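The next block holds one structure in the form of structure tokens; read it before the comments.
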Amino acid sequence: MTPEHTALQRPMGAHMPVSGGLHTSLIAGKAIGCTAVQLFTANPRQWQNAPLSGDAVRAFREAQEATGVRFVCAHASYLINLAAANEVLERSRDAFRAELERARQLEIPWVVVHPGAHAGQREDDAMAHLIESLQRILEETDAQHNPVGIALETTAGQGSTLGWRFEQIGAVLQALGKHPRLGACMDTCHIFAAGYDLRDAASYAATMAAFDAHIGIEHLKVIHANDSKKPLGSRVDRHAHIGAGEIGAQGFVPLLQDARLASVPVLLETPEARKMHAINLQRLRCLADGQPLEVQVTVLFFGHYRDYYPAPCVLMVPYGATVRELAEQLAAQDVRLSDLLQYCRFAMDTEYVTPDSALVSDCELAVLPPVSGG
Amino acid sequence: MAEVRIVTTPIAIEPLQHYVATTACGAVCLFVGQTRNHSRGRSVRFLEYDAYIPMAERELLRVAETAEARWNCRVAIAHRIGRVEVGEASVAIAVGAAHRAEAFEACRYCIDTLKQDVPIWKREMYAEGACWIEGDRVVGSS
Ligand SMILES: [Zn+2]
């Protein structure tokens, strides 16, 4: 299968905010080119949520019809810990039942949930709680003919979270007899922070071989594509814009071009949704198509250069380009800017940088002639 | 805790002085930079200061906090931007310390480092034309 073909076929999109009602996630997603959308169907930071109104459900289904967004999944509340020991366990189970019920009403096929945290229990006990929670809830919802699937998300292994080793997720699937409504969600930032590299063909192949051995590629239902602010194996979960983190733009290519995953939906969960989702989505599509990536830089001029360029200039430079290369590009465009490297200092996002610093995606680069304050 | 500010109206010096003058202070050193009516033989009508404001605020804070840590003192800095008339204050630095030696040294460090690193530029406006001042260089239209 050609890369162009995969990019066309696979639903791709982002976790979208639901500012004006659940259906607005689909409309806003469609507007930036999403063919897949993930959303919270309730406030993810509170336990109690009012049931969905008939109007909300109708508006959502109509929006899905109208926008043609092909894949929708819900992300469960952050509070839910299906592996908890104490009173949080029953609360979590109830909240998760409500997640599955809302998804059923909205005709959302998958709810993504984090496997939880042991929070001081023995890991085996926490795993047993998680398995029991899922078993009960799957049985109940099977009986109710609720078709919504549960996708267990790989985690970064921050704190006492479970699911950062593929073995842990595999063990849950195994214990539940590979229930057809149970699957996995792979988050690139999380697995990278957990120690699974994917930045080149060889490391990606090894990571996917481990995934296949412990979980099974056929159980992978959703991919979260996020770059990572923290290094490989840091076990710290900090999402970065595509190409602006430790994975790097090219680090997504093996995954996006893996023919075995060609139909698995890919969703962004990167910061600054409103400003950046469209840009990150564009980057994923370029990388999936094997096209070179460019980064956007906003250049601000000061001192006498302000007479030439009173407004910020937005430039595209090749991915990985340095401040020096940008200065050379500016000099080639305008002879009045030919002395920048000798005469000026530079700041990226308000910090002084050397000319050899690589330009970070979507940064603000300031050209600073010698200062004269005081 | 240092206090730094970039302002567009005349600098109020007394609040800076009060801010740094704790009861542990034996000395308050105050530096005020003001604009001259002449520069390099030309008569200056007024000045215009321009800044990369978010970075200038961060750099000012860095200068003030470094001084506070090094000389165990308290620092307040205000820098004016926009149009500044001749004879008005463009910058004021107040340092409160236990003894005068630290207060003088910290104050000197602040103004010297500010003039080196804080992204602020002045433009001298003459009867005819104007020039940017960039370090030691005079650049501009006339
Ligand atoms: Zn995720």
Discussion item. Out of the trypsin sites (Lys or Arg not before Pro) in region A:152-219, which ones are loop residues according to DSSP with at most 14 other C-beta atoms within 10 Å?
Written reply: A:Lys178
Worksheet item: For region B:1-72, which trypsin sites (Lys or Arg not before Pro) are in a loop by DSSP, counting at most 15 other Cβ atoms within 10 Å?
Response: B:Arg36, B:Arg40
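Rounded to the nearest 100 Å², what is the buried accessible area between B and A, both sides summed, probe 1.4 Å?
On the way: alone 8200 and 16290 Å², together 22310 Å².
Result for this pair: about 2200 Å² buried.
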Worksheet item: What is the magnitude of the charge dipole of region A:21-94 about its Cα centre, with +1 placed on the Cβ of each Lys and Arg, -1 on the Cβ of each Asp and Glu, and no other charges, expressed in debye to the nearest 20?
Response: 200 debye
Fill in: Electrostatic dipole magnitude of the protein assembly as shown [Cβ: Lys, Arg +1; Asp, Glu -1; Cα centre; debye, to 20]
740 debye
Discussion item. Can you compute the label reach from A:Gln250? Point 7 Å from Cα along the Cβ direction, backbone N cut-off under 19 Å, restricted to region A:191-227.
Written reply: A:197-207, A:227
Fill in: Relative contact order of region B:1-122, pairs being alpha-carbon contacts under 8 Å that are 6 or more residues apart, as %
41 percent
Discussion item. Tell me the angle of helix B:100-117 to the major Cα principal axis of chain B, expressed in degrees between 0 and 90 and rounded to the nearest ten.
Written reply: 40 degrees
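Relative contact order for region A:252-357: what percent, with Cα pairs under 8 Å and sequence separation of 6 or more?
Once divided by the residue count of region A:252-357, the mean separation gives 17 percent.
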Worksheet, complete the sentence: Amide H neighbours of A:Ala240 at under 5 Å, excluding residues fewer than 5 places away on the same chain, with H built from the backbone geometry, are A:Asp227, A:Ser228, A:Lys229
Worksheet item: For chain A, which longest stretch is free of loop sites, where a loop site is one of the GluC sites (Glu not before Pro) that DSSP puts outside H, G, I, E and B and that has at most 16 other Cβ atoms within 10 Å?
Response: A:108-271
Worksheet item: With chain B treated as a Gaussian network of Cα nodes joined by springs under 10 Å, which of B:Gln116, B:Gln17, B:Gln34 yields the largest mean-square fluctuation?
Response: B:Gln116
Worksheet entry | Residue-wise HN-Hα coupling along region A:259-266, computed from phi with Karplus coefficients 6.51, -1.76, 1.60 (Hz; x: Gly, Pro) | 4, 5, 9, 4, 9, 7, x, 10
Worksheet entry | Table column - 3J(HN,Hα) (Hz), region A:134-146, Karplus curve with 6.51, -1.76, 1.60, x for Gly and Pro | 5, 4, 4, 5, 5, 4, 4, 6, 4, 4, 7, 6, 7
Worksheet item: Which one of A:Pro51, A:Pro115, A:Pro147 has the biggest mean-square fluctuation once chain A is modelled by GNM with Cα springs under 10 Å?
Response: A:Pro51
Worksheet item: What is the distance, in nm, between label points placed 7 Å from the Cα along the Cα-to-Cβ direction at A:Leu79 and at A:Glu139?
Response: 2.7 nm
Worksheet item: Separation of region A:147-183 and region A:303-374 by C-alpha centroid, Å?
Response: 47 Å
Worksheet item: With springs only between Cα atoms under 10 Å, which of A:Leu26, A:Leu326, A:Leu130 fluctuates most in a Gaussian network model of chain A?
Response: A:Leu326
Worksheet item: So what's the angle, to the nearest 10 degrees on a 0 to 90 scale, between helix A:166-175 and the longest Cα principal axis of chain A?
Response: 20 degrees
Practice prompt. May I ask you to list the aspartates and glutamates whose Cα is less than 19 Å away from that of A:Lys275, ignoring any residue fewer than eight positions away on the same chain?
Written response: A:Asp227, A:Glu294, A:Asp349, A:Asp362, A:Glu364
Worksheet, complete the sentence: With Cα coordinates, the longest principal axis of chain A makes an angle with the long axis of helix A:323-333, in degrees rounded to 10, of 50 degrees
Discussion item. Could you tell me the relative contact order of chain A? Use alpha-carbon pairs under 8 Å, at least six residues apart, and round to a whole percent.
Written reply: 13 percent
Worksheet entry | Spatially proximal lysines relative to A:Lys229 (Cα-Cα < 16 Å; intrachain offsets below 8 disregarded) | none
Worksheet item: How much length, in nm to one decimal, is gained on full extension between A:Glu272 and A:Asp197, taken as 0.36 nm per residue of separation minus their Cα-Cα distance?
Response: 24.5 nm
Worksheet item: How about region A:33-97: which trypsin sites (Lys or Arg not before Pro) there are in a DSSP loop, with at most 13 other Cβ atoms within 10 Å of their Cβ?
Response: A:Arg45
Response to the item:
Probe 1.4 Å, heavy atoms of protein chains only: per residue, the accessible area of region A:279-349 in Å² is 45 Å²
Practice prompt. Quantify, in whole percent, the carbon and sulfur part of the accessible surface of the protein assembly as shown (1.4 Å probe; protein heavy atoms only).
Written response: 52 percent
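The values are calculated or read from the model by the stated rules, or taken from the named source; none is laboratory data. On a predicted model such as this, the values are computed, not experimentally measured, just so you know. When we count neighbours, we look across all protein chains shown, and the Cβ atoms used for this are built from the backbone with ideal geometry, even at glycine. The accessibility values were calculated without ligands, DNA or RNA, using every heavy atom of the protein model including side chains. Shrake-Rupley method; radii C 1.70, N 1.55, O 1.52, S 1.80 Å.
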